[in-house]
1. In degrees between 0 and 90, to the nearest 10, how far off the longest principal axis of chain A does helix A:300-322 point, with axes built from Cα atoms?
2. In whole percent, what relative contact order does chain A give with Cα contacts below 8 Å and a gap of six or more residues?
3. Label region B:13-242 by shape, choosing from rounded, prolate and oblate, from the square roots a ≥ b ≥ c of the eigenvalues of the Cα gyration tensor; if a/c is under 1.5 it is rounded, and otherwise prolate applies when a/b is larger than b/c, oblate when it is not.
4. Among A:SER281, A:SER32, A:SER324, determine the one that fluctuates most according to a GNM of chain A built with springs between C-alpha atoms less than 10 Å apart.
5. Please give the helix B:159-182 orientation as an angle from the longest Cα principal axis of chain B, in degrees from 0 to 90, rounded to the nearest 10.
6. Under the definition of Cα pairs under 8 Å and six or more residues apart, what whole-number percent is the relative contact order of chain B?
7. Evaluate E = 1/(1 + (r/R0)^6) for B:SER201 and B:VAL15, where r is the Cβ-Cβ distance and R0 equals 30 Å; express this FRET efficiency to the nearest 0.05.
8. Please give the calculated 222 nm ellipticity per residue for the protein assembly as shown, where each DSSP H segment of at least 4 residues contributes -39500 (n - 2.57) and the sum is spread over every residue; nearest 500 deg cm²/dmol?
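Derivation of every value follows stated rules applied to the coordinates shown; laboratory data play no part. Given the structure is predicted, the values throughout are model-derived calculations rather than measurements. All Cβ positions, even for glycine, are placed from backbone atoms using ideal geometry, and neighbour counts span all protein chains on display.
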Amino acid sequence: MCLTGCAAGGSSDGSTSGDVVKLGASLPLTGSLASFGPVFQDGYQAAVDEVNKAGGVTVDGKKEQVQLVVLDSTSDANTVADQTRTLVLQDGVAGLLGSVSPALTIPASNTADLEKVPLVSTLTPVGAWKAGNANGWQYAWDLFFDEAAQIQDLFPTADLTPTNKKVALFTDTEEDGIAQGALMEKEAPAAGYDVVYRAQFPVGTTDFSEYVNAAKAAGADVVIAQMIPPDSFALWKQMKALAFAPKVAFCEKCASQAAFQKQLGPLAEGTSTSLIASDPSSPEQQALTTRFSPKYGQTTDLNSVMAAYSAAKILLDAINTAGSTDGAKINDAISKTDSQYPIGTVKFDSTHAYAVPPATFQWQGDKQIQISPKSPTSGTLQAPVSGLQ
Amino acid sequence: MKTALLSSGRRASAVRSLILLAVLLVFLAAFGPAIGRYQMSLVTTLLAYVAAATAWNIIGGIGGQFSLASSAFIGVGSYVTIMMLRGTGLPLWSCLATAAVGGALFAALTGVVLFRLRGFYFTIGTLAVALAALTWMTTFAFTGATTGISAPLALIPSGAALYQMALVVAGVATAVGIVVFYSPFGLRLMAVRDDEDVADSLGISPFRSKMVAMTLSGAFIGLAGGVFALQKASIEPFSAFSLDWSITIVVMVVVGGIGTVWGPTIGAIVIYYGITVQLQSVPAVSSVISGILMILVIKFLPHGIVGGAHNAFASLTRRRNTPPKPPLTPRENELVHPQTSGLEA
């Protein structure tokens, strides 16, 4: 039996020179969340490239280049756990970068805590992420919005157009689908909305006709869906086919990637989603926009790149501050982060989270226009959802 | 007399297999700490797979009941282990023992209901159990529903301790697999596998035999699930009850040699260490290669790698032990090759 040096490791740039500091990430490059993986990889790599261009990170008094090692998790939680262990134990990474969604980030966070190697993640709602470790994370850090804040942003956005205040929820049975669905049901009355129908279905559902007809019969003017992108493509097509035309439609997690518009074309028009706002005044944000606009256009994929870039930059800055690849020292440096990044002025709280304010975007043509909060670049909500009319 | 000779031959084979197992375990125990943390982590996972595949082989290979409920047993074992660890503070071994009990009970319950079915209907029934268990767990608030549960990280054993645990679990599962295979109970189970009605007419209770096999299988698959859970520290239904477990275990046993003693072990090494780990950077390719390998094995080595190796060895031995044939007499040659003989003539 081959017991040494057999396992393969993937490198994004193939660099294997002697004195390099490695960062590792197990990302969903294939599978149900494949639309997120390459975007994350771009953001992480952009931060690494920038640091390398400036000479690298300082470790034990000398500059070392940084190498990003990326493995494809196939959107599977078990694979994330195995691969992050490989990244730490075989590749010897100094730090880990997170994946998307609690299902994939929590296993990586566990590896970080068990192996005492710091991990910085984003695009993972902080409430569900914190619930992944009741005793509190020690080496894992997350920067994204809180689910409650996200929901508090949804109903005011729906208020921007007259509706009958009746809501139909379409939530899958993944952890964030169940958790956020329940939260929406709880918060809706306080915002003056009535959840008249809630469909719950397993991931991989392809026939939504029964649910769509029930929502239509309930007379819902507002649709809020929380599901993975491939399933949402089927739901949106069936809403159109069954002539269910809500005045406002949110597709959380599903419409936040350019893949939504690419797959649905005109059907995507008018659909809204939550993500994090970008800071156009940040020079790093401007550089990222210039670099990635040709690839991603004016979509929230750019915001995701920015979030991933921020996560990687926080980790790299911490390595520089620590002047070492020692996990405990880097972790200590992360805890003291108090600097401006494209995602905001990051300062982690005692639960290792930095709650970013959510923003709502709407698909208008092939662009995602920020609807709320208001900013110099934001637009107005288009209603009803013209893609479904 | 014939029966006695057969029993003695089987007993000798059992002893040989157990000695080989003991040697392997001693080797792994002695050299484990020297192989480094990463390889130790891989071998820990491999050993858990060996335990699960060997356990499935008892009901699926020796018993011929093609169960796809393994993912449910893995899930039950995982959840029981983590919940016991969180809630009771019992020693790790007690938590793992409870996982085995949980797996066994769930398997027995599944068997009671599904052994009314045979063949494909039984397989589909076990698939339904696996899916139902997954769906149930996504809504069961007591176990954290879709969020799942985490073990207190301070209670998670070190890599070396977990390696020793996996070694014991795989060792006991393989020993039980060997004993079952060579025991009278194993023979009864094979009789049920080969023809349930004939076995029944000979006084063997198919239901009882299958129930014992299913329960044993569930216990060790649950135990393996406990080891997997301890390695991951946190579990949620989609990973703990994933159907991938059922498929992977079946592929390992089929590739290694279904219904053989060492087939599950060989299959686990080939599929996990030979394919999954080596192609870790391209897991999608790894799945495709595993599938192709299974198709090739079914086509060209229907008894798996172990069965193929056994046949090749038997064929070689036969050839070596068969004395060379004397040259044909002219009359025999004429009978065998009439045309050639005629031409020569």
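1. Around 30 degrees separate the two axes.
2. On the way: 835 pairs, mean separation 71.4, N = 389.
It rounds to 18 percent for chain A.
3. On the way: a/c = 2.48, a/b = 1.24, b/c = 2.00.
Oblate shape, in that a/c is at least 1.5 and b/c is the bigger or equal ratio.
4. A:SER281
5. Tilt of helix B:159-182: around 40 degrees.
6. Numbers: 513 pairs, mean separation 94.6, N = 345.
In percent, rounded to a whole number, it is 27.
7. Values: r = 33 Å, r/R0 = 1.09.
So, using R0 = 30 Å, E works out to roughly 0.35.
8. Computed ellipticity for the protein assembly as shown at 222 nm equals -18000 deg cm²/dmol.
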